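Below is one structure, written out as structure tokens; the observations come after it.
The values are calculated or read from the model by the stated rules, or taken from the named source; none is laboratory data. Computed from a predicted structure; not experimentally measured. Because the Cβ atoms are built from the backbone with ideal geometry, glycine has one as well, and the counts that use them run over all protein chains shown.
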Amino acid sequence: MKPFQTHSRQTVWSCPWYSVRQDEITLPNGQPGVYNVIVKPPAVWIIPVTDDGQIVLIYTYRYTVDDWCWEIPAGSLKPGETAQDAAATELAEEIGGTARAWHYLHQFYAANGICDEVGHIFLAAGVTLSRPHHEPAEVIQIHPKPIAEVLHMARTGQISDGPSALALLLAENQLRDLSAIILS
């Protein structure tokens, strides 16, 4: 049995990227309550690795926090799009990348206290770079870096974007295996 009872749901605000749903609920203690949920489509985070053992990071300005952040390419799925199709699209848009091989790694909830977004993590191997196609609001610099350096950045908080750091740390064993193959 679920600890909350939902009586009604209504979208109270929306924009092209997400909406806010307000649910009338009964709390586990029997009291009535209201829960607001940010509703977002599923999203993808891509760890792009080149044949010479570089992870392609982006350094992007994020208006919401007024700061520059190290991240891996990411983006939301469009209606009817598969997670792998979205990953390929985001890789091309953000870094101009194409991958020779795709590996699905994990899924996670991006902000499960306030949002229903499900994140999918992909490792893109054999990535080659060409011209990116940034959206007007994207301010992105592209920086290939050695696998060991990027993992160090994730472990020491230099990568402050939580989903990017999580993706890299969850993929650490696969990245170390790739690094060993490339260096041999």
Does Gly97 satisfy being assigned by TED's automatic domain parsing to the domain that holds Gln141, touching a residue at least 12 places away in the same chain (Cβ under 8 Å) and at positive phi? no
Kindly list the number of the only condition in (1) of a type in the set (S, T, N, Q); (2) buried (at least 17 other Cβ atoms within 10 Å of the Cβ); (3) without any contact (Cβ under 8 Å) to a residue 24 or more places away in the chain that fails for Gln107. (2)
Without any contact (Cβ under 8 Å) to a residue 24 or more places away in the chain, out of contact with any strand residue (DSSP E or B) (no Cβ under 8 Å at 6 or more places or on another chain) and either assigned by TED's automatic domain parsing to the domain that holds His134 or over 26 Å from His134 (Cβ atoms) (or both), is that true of Glu81? yes
Between residues in region 110-127 that are assigned by TED's automatic domain parsing to the domain that holds Ile55 and residues that are of a type in the set (Lys, Arg), which pairs lie under 8 Å by C-beta distance while being six or more apart or on different chains? Ala110/Lys40; Cys115/Lys40; Asp116/Lys40; Glu117/Lys40; Ala125/Arg100; Gly126/Arg100; Val127/Arg100
So which strands (runs of 3 or more DSSP E) are wholly in region 20-107 and hold at least 2 residues that are touching a Gly at 6+ places or on another chain (Cβ under 6 Å)? 43-49
Give region 7-26 a look and list any residue that's in contact with a Phe, Trp or Tyr (Cβ under 7 Å, 6 or more places away or on another chain) and of a type outside the set (Val, Ile, Thr), or say none. Ser19, Asp23
Which of the numbered conditions does Thr11 fail, given that it passes all the others? Conditions: (1) surrounded by 15 or more Cβ atoms within 10 Å (Cβ to Cβ); (2) in a strand (DSSP E or B). (1)
Name the pairs whose Cβ atoms lie under 7 Å apart, with the first residue in region 144-155 and closer than 11 Å to Trp70 by Cβ, the second in a strand (DSSP E or B), and 6 or more positions between them or separate chains? Lys145/Gln54; Lys145/Ile55; Lys145/Leu57; Val150/Ile55; Val150/Leu57; Met153/Trp70
Right, Tyr104: of a type in the set (Ser, Thr, Tyr) and over 16 Å from the mean Cα position of the chain (by Cα) or not? no
